[in-house]
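Right, one structure below, let's go through it.
The values are calculated or read from the model by the stated rules, or taken from the named source; none is laboratory data. Computed from a predicted structure; not experimentally measured. Here Cβ is always computed from backbone atoms with ideal geometry, including for glycine, and neighbour counts include all displayed protein chains.
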Amino acid sequence: MTRRPDIQREGDMDLSFLDEVRVVPGGEKIVDCIQCGTCSGSCPTSYLMEDSPRDLFYKIRAGLRNEVLKSPDIWLCTSCYMCYVRCPKNIKVTDIMYALKRISSKERFSLQWRGYHLAKSFMSVVNRDGRNNETELLLRFFLKTKPFGLIRNSLIGLKLWLRGRMPMMPHRIKEIKKFRAIMAKAESLSTM
């Protein structure tokens, strides 16, 4: 049995939140959700979530905007699309999760979550070089979230580096200007 939020005071509810999610491409079908739990049962990371996709959809429809946008669970979506593939109502769950991440980031709800910082660090490294550099990614991530974790994990990093598994210097792709143009276009489309 899934948990449901306690009855909220009317002032805590934002009934326009459902409309905000519905205008996202793919979000219009959120009202078709029958709360069957297929998305949650298909999600490989739902065991880590306090609120599964099914619970988040319930909260969106209930107008619990701040609760949804503050949730670390939206950052646990791995974009595997199993929820969408298996949804009997063809709801684009992954696209809605991305939209929630964008709204949460834009309104600065997500600054406290490590998943947000990992995603931001990853995107800054990839946007600069066109590919990921694990060393720099981990440095950026740990400095933003747990600086002492960097010290604690440095021995593992050193062992990986000595075995040639963790490069120190980034390798930039050849057509970096074209790649950056593509990324800028994708970013402009995602903020519409």
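Among the candidates K106, K89, K120, the residue that is surrounded by fewer than 19 Cβ atoms within 10 Å (Cβ to Cβ), at pLDDT 85 or above and under 30 Å from E28 (Cα atoms) is uniquely K89. One residue stands out in region 1-29 among those that are of a type in the set (V, I, T) and more than 13 Å from L100 (Cα to Cα): the one that is modelled with the highest pLDDT, namely T2. Before we move on, is L137 assigned by TED's automatic domain parsing to the domain that holds L160, modelled with pLDDT under 90 and touching a helix residue (DSSP H, G or I) at 6+ places or on another chain (Cβ under 9 Å)? Yes; evaluated as a whole, the condition is true for this residue.
Of the residues that make up region 26-36, is at least one farther than 26 Å from A119 by Cα and surrounded by fewer than 13 Cβ atoms within 10 Å (Cβ to Cβ)? Checking region 26-36: at least one residue is farther than 26 Å from A119 by Cα and surrounded by fewer than 13 Cβ atoms within 10 Å (Cβ to Cβ). In this structure, is S40 in a loop (DSSP other than H, G, I, E, B) and either on the phi < 0 side of the Ramachandran plot or out of contact with any His (no Cβ under 7 Å at 6 or more places or on another chain) (or both)? Judged against the criteria, S40 is not a match.
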